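Reviewing the structure listed below.
The values are calculated or read from the model by the stated rules, or taken from the named source; none is laboratory data. Since this is a predicted model, take the numbers as computed values, not measurements. Every residue, glycine as well, gets a Cβ built from its backbone with ideal geometry; the counts of neighbours run over all protein chains shown.
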Amino acid sequence: MEIAPIPHDLVQHLAALRQEAPSLTIAQTHALAEQYGVPIATVERAALEAHLAPERYIRNLGTVGWEGQRQLLEATVAVVGAGGLGGWIIEGLARMGVGHLILVDGDRFAENNLNRQLGCTERTLGLPKVEVLAQRLAEVNAATRVTPHPLWLTEENAASLLQGAQVVVDALDSLPARYLLQRVARTLGIPMVHGAIAGYTGQVMTIFPGDPGLEALYGKTPPTERGIERTLGNPTATPMMISAWEIHEVVKLITGRGQPLRNRLLILDAEHGEMTELTLAP
């Protein structure tokens, strides 16, 4: 993502505000963006550098720190799939303060999405998922720039759609599509955060270029059919559970804090209250 320069006068203004209060409100942020003719994210970056905390991120700082929050604001993340997993991931990343989100999904909301997909309401049925979520994010965090692509990811368009992303998130629902996404992430030289769900169970793993990744789980050629979710279904809370882990993986990758699930598959079983970790050979 192209990072806008911070005007020196804005820095001085924020330093003066810091003498009056320890945090910056949303109203102040919008007013400063208008006054100095800069994006809202630029005001927030400048505030963080001045250690004047934007109110919206105060509860983040204890975990990611001042520098980590700035890194999030300057990051570009691509989320492929805007359904059960993707909707919660997209919203969570915006609330964490990721500066640019690329959304890719050619699907529209249907009635059977109402039980689990963020953005799906009786009013939005039939509308493109990525466009609905882009509109929602404008209300959640105006500092997050959203680039929605109401398209299916293909061999032909994948590299151009994901160009510029530091991390790509797998929120898909078929193995062939996941293998395609993994190939593109390797070509672009960026990590892919993988997640999948079925019934009460889900799995998460972060795959770096050069890692065995999905092939270590399913072989060199992916099965052509969709997985066991066809039988077990997708209850409301399972995508919330797995998307939370995927969000944390993205945050760790961007900020460099914590240990990513690299060459480790984490399996969460909410039905039996069990967690299993499988180590993959690097």
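Pick out the one residue from 266, 214 that is in contact with a strand residue (DSSP E or B) (Cβ under 6 Å, 6 or more places away or on another chain) and either crowded, with 17+ Cβ neighbours inside 10 Å or not assigned by TED's automatic domain parsing to the domain that holds residue 92 (or both).
When all the criteria are applied, what remains is 266.
Out of 131, 111, 67, I need the residue that is at pLDDT 95 or above and outside the structural domain of residue 195 (by TED's automatic domain parsing). Which one?
67
Would you check if residue 275 is of a type in the set (A, V, I, L, M, F, W, C) and more than 20 Å from the chain's Cα centre (by Cα)?
yes
Out of the residues in the stretch 184-211 meeting the condition of being at pLDDT 95 or above and surrounded by fewer than 15 Cβ atoms within 10 Å (Cβ to Cβ), tell me which one is farthest from residue 253 (Cα to Cα).
Top of the filtered list is 187.
Could you check, for the stretch 58-69, whether at least one of its residues is among the basic types (Lys, Arg) and free of Cβ contacts under 8 Å to residues at least 24 places away in the same chain?
Yes, there is a match, as at least one residue in the stretch 58-69 is among the basic types (Lys, Arg) and free of Cβ contacts under 8 Å to residues at least 24 places away in the same chain.
Among the aromatic types (Phe, Trp, Tyr) and outside the structural domain of residue 160 (by TED's automatic domain parsing): does that describe residue 88?
Taking the combined requirement at face value, the residue does not satisfy it.
Among all residue pairs at least 6 apart or on different chains, which show Cβ distances below 6 Å where the first residue, located in the stretch 1-26, is within 19 Å of residue 141 (Cβ to Cβ) and the second is charged (D, E, K, R) and assigned to a helix (DSSP H, G or I)?
Sorted first by the residue in the stretch 1-26, then by its partner, the pairs are 23/55; 25/55.
Restricting attention to the stretch 139-159, does a residue exist that is aliphatic (A, V, I, L, M), in the same structural domain as residue 242 (by TED's automatic domain parsing), touching a Pro at 6+ places or on another chain (Cβ under 9 Å) and within 29 Å of residue 218 (Cα to Cα)?
Within the stretch 139-159 (the criterion being aliphatic (A, V, I, L, M), in the same structural domain as residue 242 (by TED's automatic domain parsing), touching a Pro at 6+ places or on another chain (Cβ under 9 Å) and within 29 Å of residue 218 (Cα to Cα)), the answer is no, since none of the residues qualifies.
Pick out the one residue from 65, 87, 106, 92 that is closer than 25 Å to residue 159 by Cβ and either in a helix (DSSP H, G or I) or in contact with a His (Cβ under 6 Å, 6 or more places away or on another chain) (or both).
87
Could you identify the single residue in 63, 25, 76 that is surrounded by fewer than 23 Cβ atoms within 10 Å (Cβ to Cβ), out of contact with any strand residue (DSSP E or B) (no Cβ under 6 Å at 6 or more places or on another chain) and under 23 Å from residue 242 (Cα atoms)?
63
Within the stretch 171-180, can one find any residue that is part of a helix (DSSP H, G or I) and without any contact (Cβ under 8 Å) to a residue 24 or more places away in the chain?
no
If you check 5, 54, 22, which single one turns out to be within 23 Å of the chain's Cα centre (by Cα) and not basic (Lys, Arg)?
Sole residue among the options that is within 23 Å of the chain's Cα centre (by Cα) and not basic (Lys, Arg): 54.
Suppose we filter 258, 219 for residues that are closer than 24 Å to residue 75 by Cα and free of Cβ contacts under 8 Å to residues at least 40 places away in the same chain; which single one remains?
Answer to the selection: 258.
In this structure, does residue 40 turn out to be farther than 24 Å from residue 180 by Cα and surrounded by fewer than 19 Cβ atoms within 10 Å (Cβ to Cβ)?
Spelling it out, it is not the case that residue 40 is farther than 24 Å from residue 180 by Cα and surrounded by fewer than 19 Cβ atoms within 10 Å (Cβ to Cβ).
Please work out which residue is surrounded by the fewest Cβ atoms within 10 Å (Cβ to Cβ), limiting yourself to the stretch 232-263 and to residues that are part of a loop (DSSP other than H, G, I, E, B) and out of contact with any Lys or Arg (no Cβ under 6 Å at 6 or more places or on another chain).
Applying the filter and picking the extreme gives 259.
From 199, 189, 210, which residue is at positive phi and free of Cβ contacts under 8 Å to residues at least 24 places away in the same chain?
189 is the lone residue from the list that is at positive phi and free of Cβ contacts under 8 Å to residues at least 24 places away in the same chain.
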